[in-house]
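Chemist: Take a look at the following structure, please.
The values are calculated or read from the model by the stated rules, or taken from the named source; none is laboratory data. As the structure is a prediction and not an experimental result, all values here were calculated from the model. No Cβ is skipped: glycine too gets one built from the backbone with ideal geometry, and neighbour counts run over all protein chains shown. Heads up: the accessible areas ignore ligands, DNA and RNA and are worked out on the full protein's heavy atoms, side chains in. Shrake-Rupley method; radii C 1.70, N 1.55, O 1.52, S 1.80 Å.
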Amino acid sequence: MQDKFDKQNTNISILENKYQKALNTKNHLSYKLGATLIKANKNWYKGGCVKFIFEVMRIKKGIEIEGKFRRWFILLLKYNVNLLNSRDKILLYNYSKY
């Protein structure tokens, strides 16, 4: 019975890792730009190319803000590690790697 429970836990942890990797991939600049380009190409007759330019500017601004948060999290990890519980430490560490 215990082996079955342990096996389910390992399966869940593997799925959580894969999900985290998928989220990290979706947050890359190239993925976001590619998805926006595909969307603009599909809607070219509705002004998709014009919207694409504004979407690229929005993505660029989001990436810059995300970089500021990443630097802030790294500082938080350096100086306030003792204030966080272990799950938050793992999440912040995974976020700061990328």
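Chemist: Which count do you get for residues in the range 62-79 that are open to solvent by less than 100 Å² (accessible area, probe 1.4 Å) and more than 22 Å from T25 (Cβ to Cβ)?
Modeler: 3
Chemist: Looking at the range 47-98, which of its residues are at pLDDT 75 or above and of a type in the set (G, A, S)?
Modeler: Residues satisfying the conditions are G47, G48, G62, G67.
Chemist: What do you reckon, is I59 in a helix (DSSP H, G or I) and either exposed (fewer than 11 other Cβ atoms within 10 Å of the Cβ) or at positive phi (or both)?
Modeler: no
Chemist: Report, ordered by the first and then the second residue, all pairs with beta carbons closer than 8 Å, sequence separation of six or more or different chains, a first member in the range 21-44 that is loosely packed, with under 12 Cβ neighbours inside 10 Å, and a second member that is at pLDDT 85 or above.
Modeler: Short answer, once both residue conditions are applied: T25/Y31; K26/K32; N41/G48; K42/G48.
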